[in-house]
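Okay, structure first, notes after.
The numbers here are math on the coordinates, done by the rules we state, and not lab data. Keep in mind the model is a prediction, meaning the values are calculated, not measured. All Cβ positions, glycine included, derive from the backbone under ideal geometry; neighbour counts span all protein chains shown.
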Amino acid sequence: MGAVDAVTKSTAAGSFEFVFHISSEYDYRFVGELRDEIIQTLKEVYLQVRSCNLPVYGVPKSSLKQFVSNKSDREAKRPEESFRLATENLVAEAETKREWNEEDDPFREIGAAARIYSRAKGCEKEISQFRLVRFVSKSVHERIFVVEHVATAKLFRMKELRKDFLLDTDKVTGEKVETEAKKCVHPFVCTPELVFRAPGRLYLLFEITNGGDLLALLNKHKRFPEDRAQFYVAQIVIALEHLHSQGIVLRDLRPETVYFDSSGYIKLDPFSTYMFVEGEEKRRLVTALAANLPEERRYLAPEALAGEEAGAVADWWALGVIVYQMLVGIPPFFAGEKDKETLRRFMQGKSVPYPDPVRYHIMVSDDAKDFIARVFSLLIPSRIVARQIAHQQAWVRP
């Protein structure tokens with residue numbers, strides 16, 4: 001057998017099929033209850049040898065025959081890229097070796113940038129005193145980098161927000177940033193150290209959270225023991241309650257936006273494009289997110305997918321998805337581009353499915369299921385009640 005270039009596995013309940021894609025030969029299809037252990041070992045070897053993630057695709061079919069090439073038909077048949085499972089990555093994509101493009105460097109575009117906010121009074125730092133360390137990630141409206149203050153060698157996470165038809169970055173003032181930062185002061189919430197504004201750009205610099213993010217942790221461990229999930233969820237609930245009490249809604253809560261400090265406590269980052277747009281633009285921004293980022297759709301509440309501005313209750317829905325993922329290993333609405341169809345079936349009255357605890361050795365307590373059911377209520381008033389009692393519910397009480 002030649003070198004494996006990618007793996008496809010069935011995400012259908014009860015199916016243990018998987019396929020090795022080998023471009024130098026043809027594909028091999030297997031069935032076995034040790035599938036996940038085999039794939040995990042292969043991913044670790046692939047990362048060690050190639051310094052990047054092995055692409056793993058998930059298809060909601062019990063048979064993967066249509067995705068297998070053979071000796072007589074060697075045409076590549078791996079699934080579409082939308083079926084790739086980000087949760088199978090061992091490291092964040094930005095941490096793997098890659099060729100740098102000029103467009104990855106924000107300092108190529110910054111030019112003259114004015115400091116409009118500094119948390120430390122009397123700070124003299126300027127954008128010209130920083131250098132790019134690495135590119136981390138990007139979405140429709142923002143890019144994330146790690147930068148270094150050259151004189152002190154201190155690292156920062158830098159978030160770039162771009163001017164577009166919804167956000168006029170040139171109108172964001174230091175007073176606005178300071179007002180929002182004061183609202184966000186909380187042990188479980190990130191606030192920026194510095195904010196710079198350049199034509200058409202905002203640059204927010206945060207202290208590096210040495211503990212990484214929840215997505216990286218899930219990629220490493222797949223799922224958590226229930227007491228560990230409770231520890232994280234209790235903190236997220238406390239952080240959300242604080243932010244909501246200040247009129248701040250995240251709207252993009254997902255594993256990669258939940259950070260950890262060096263002590264293992266969570267940090268939510270509410271400073272996104274949503275914070276700086278008003279009224280109708282907030283709804284349009286959620287609609288754009290749902291349309292352009294299939295991976296993120298599975299964390300969006302039904303109202304957001306329908307193009308409605310749901311407000312704070314959307315964060316509680318997203319938390320339910322995260323809780324399920326921490327306990328089971330995958331999000332509940334998990335079928336590539338068919339996320340909307342899966343969610344629609346749930347909205348028609350079907351309950352959220354859980355793995356067979358005997359066959360898959362995945363145990364989810366009744367209290368955890370009760371919490372997830374509360375925040376997954378399709379009735380907004382019911383979800384508001386869930387919000388009000390969330391910190392009192394037995395499963396999430398710290």
- Task: Towards the positive end of the charge dipole of the stretch 6-89, with charges on Cβ (+1 Lys, Arg; -1 Asp, Glu), say which of S63, Q40, C52 has the farthest Cα.
- Result: S63
- Identify the trypsin sites (Lys or Arg not before Pro) of the stretch 1-74 meeting these criteria: DSSP loop state and at most 15 other C-beta atoms within 10 Å of the C-beta. K71, R74
- Item | Cross-link pairs beyond the 28 Å C-alpha cut-off, checked among K9/K267; K176/K220; K77/K159; K43/K71 | K9/K267; K176/K220; K77/K159
- Query: Can you list the GluC sites (Glu not before Pro) in the stretch 200-285 that are in a DSSP coil and have 16 or fewer other beta carbons within 10 angstrom?
  - Reply: E278
- Taking θ as phi - 60°, what are the ³J(HN,Hα) couplings along the stretch 199-213 by the Karplus curve (6.51, -1.76, 1.60), each to the nearest whole Hz, with x for Gly and Pro? x, x, 9, 10, 10, 10, 10, 10, 4, 5, 8, 5, x, x, 10
- Charges only on Cβ, +1 for Lys and Arg, -1 for Asp and Glu: so what's the dipole of the stretch 102-207 about the Cα centre, in debye to the nearest 20? 280
- Query: Using a simple charge model, +1 on the beta-carbon of Lys and Arg, -1 on the beta-carbon of Asp and Glu, nothing else, what dipole does the stretch 6-89 show about its Cα centre, in debye to the nearest 20?
  - Reply: 160
